[in-house]
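Worksheet: the structure to be examined is printed underneath.
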Amino acid sequence: MFESWLALELEVLQGMAWPAWLQPYVEVVVVWIAWALTYVDLQYLEYLLWLFFPLLIAFVLPIVLVIGIYGCVIFLHIYKLRHQIREAYASSYFDGARTSIASFWDAVGYVWHGYEVDGLENIPDEGPALFLYYHGTLPIDVYYLISKCILHKKRTLHCVGDKFIFKVPGWGMICKVFCVTPGTVEDCIQNLKDGNLLCIAPGGVREAQFSDSVTYPLLWGKRLGFARVVLGSGAPVIPMFTENCRDAFRTPLWGHRFFRWIYEKTRVPLCPIYGGFPVKMITHLRPPIHFSSSMTPEEVRKRVKHEIRDLIREHQRLPGSILRAMVQRFYDKRKNKVDVLLEERTHEGAPRTLNALSSQTSSSSEDEVDVDPDVNANGGDPQFPPDNNLTTVVELSPSDQHSHPSSHPSSPSPSSSSRRAPLAETRDM
């Protein structure tokens, strides 16, 4: 029956009038179908489908059931926040829409990535703050953090987005609702002076597309725009890094040079992205750092780069592993100092013995080489020395102060903060 129906459809296909440019392709398709009718036993395939259909249903139904259960979890998570949603709709149409979407993304982060924020208390309840962060392949962590700020801090986290996202049909409205702008340095300074929260990824799309999950290199090149925003606004800086952000989504290893060449010529990100893996994601926020206006943009850049590198060394197990990041949702063995040093020396090719490492615990490395031609041309960043013009707001408990009397104020140890406490690609700054 199926074979006769397919033969009838083939005749209809041959009798239709096609455009001249499409006719050769239609003929090729007809030839392939005719070959299948002649040499493939469709009755046998129909028999196999009938034979294995119960087995297929046996596997599909549990998957549908699990999807339904997770749908209920997301609904209940949003329902739990219904009072906040009602209050938001009562105050403003956009506030209500913003809170509703934030509830959805918060539920997705909770279910799919077990998302957490370490250092949520470092986000000020009022006044400006500038978040500078490492850009993952997709900024899904920023979506989740925006949701946390809306739901728990009652504040909107403004973002600087790449210009190309505003050219995507339908994205203009969501960028407007969630305060995403292709801001210049002057716009960002004014935004912070107005008392808003603002987030910028200094690496931008280049870092998102061409960094890697092996060493999580910072691809900042010679950019100083974000440093000028820091000095021009006087706003405190909150360094930010999300654990396993490059394991949730990745870019393939092949074709990097070709896609990098296209991006540098056109500024269009064409490198394909794959993933969506349910890895554990934890956003780590350092205490706010206040920079003196007497500092230079280069000094600000080096200091911020040092802070984010330190966050990566402290919280990210290297090289990145999708499987390990997924297992981390159920079993999370935290890194200790020896783990960090072993990872650093492994990638630097230095001796890995504990005796050799113990003699180097006091020398933090800021002279790693980024996989970026601009940075390599400058020979990398030298180790950033302590600066008396730099002050950091850090509150240590008495036990922390006793156990860490000589720790640098801008680089708190993991014991000084609790372990546990959406919406655009960021623009190159």
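Cross-linked pairs LYS148/LYS302; LYS222/LYS265; LYS163/LYS222; LYS193/LYS302: Cα-Cα separations exceed 26 Å for LYS148/LYS302. The HN-Hα couplings worked out from phi for the stretch 321-330 by the Karplus form 6.51 cos²θ - 1.76 cosθ + 1.60 (θ = phi - 60°) are 9, 5, 4, 5, 5, 6, 5, 4, 5, 10 Hz, whole numbers, x standing for Gly and Pro. Summarising the amide proton neighbourhood of ARG329: residues at separation of 5 or more, or on other chains, whose placed amide H is nearer than 5 Å comprise LYS280. Given labels modelled 7 Å from the Cα in the Cβ direction, how far is it in nm from ILE63 to LEU22? Taking the simple label geometry, ILE63 and LEU22 are separated by 3.2 nm. Once backbone amide H atoms are built at 1.01 Å from N, GLY161 has THR181, GLY183, ARG427 as its partners under 5 Å, excluding neighbours fewer than 5 places away on the same chain.
Which of the peptides 214-226, 314-326 is most tightly packed, and how do the rest follow, going by the mean number of other Cβ atoms within 10 Å of each residue? Provide the component values of the computation, followed by the final result.
On the way: 214-226: 19.8, 314-326: 18.1.
Sorting 214-226, 314-326 by mean packing, highest first, produces 214-226, 314-326.
Loop-located GluC sites (Glu not before Pro) in the stretch 91-171 (DSSP state not H, G, I, E or B) with no more than 14 neighbouring Cβ atoms inside 10 Å: GLU126. Calculate the FRET efficiency for GLU46 and SER294 from the Cβ-Cβ distance with a Förster distance of 60 Å, rounded to the nearest 0.05. For GLU46 and SER294, the calculated efficiency is 0.15.
Quick check on my link table: of LYS153/LYS305; LYS80/LYS176; LYS167/LYS305; LYS153/LYS176, which ones sit more than 23 Å apart, alpha carbon to alpha carbon?
Details: LYS153/LYS305 27 Å; LYS80/LYS176 27 Å; LYS167/LYS305 31 Å; LYS153/LYS176 20 Å.
Too far apart for the 23 Å limit: LYS153/LYS305; LYS80/LYS176; LYS167/LYS305.
Here the Karplus relation 6.51 cos²θ - 1.76 cosθ + 1.60, evaluated at θ = phi - 60°, turns the backbone of the stretch 227-242 into coupling constants of 5, 5, 5, 4, 6, x, 9, x, 6, x, 9, 10, x, 9, 8, 10 Hz, with x for every Gly and Pro.
Computed from backbone phi with θ = phi - 60° and the Karplus coefficients 6.51, -1.76 and 1.60, the 3J(HN,Hα) list for the stretch 299-305 is 5, 5, 4, 5, 5, 5, 4 Hz; x is used for glycine and proline.
The numbers here are math on the coordinates, done by the rules we state, and not lab data. Just so we're clear, the structure is a prediction, and the values are computed from it rather than from any experiment. So basically every Cβ, Gly included, is an ideal-geometry build from the backbone, and we count neighbours across all protein chains shown.
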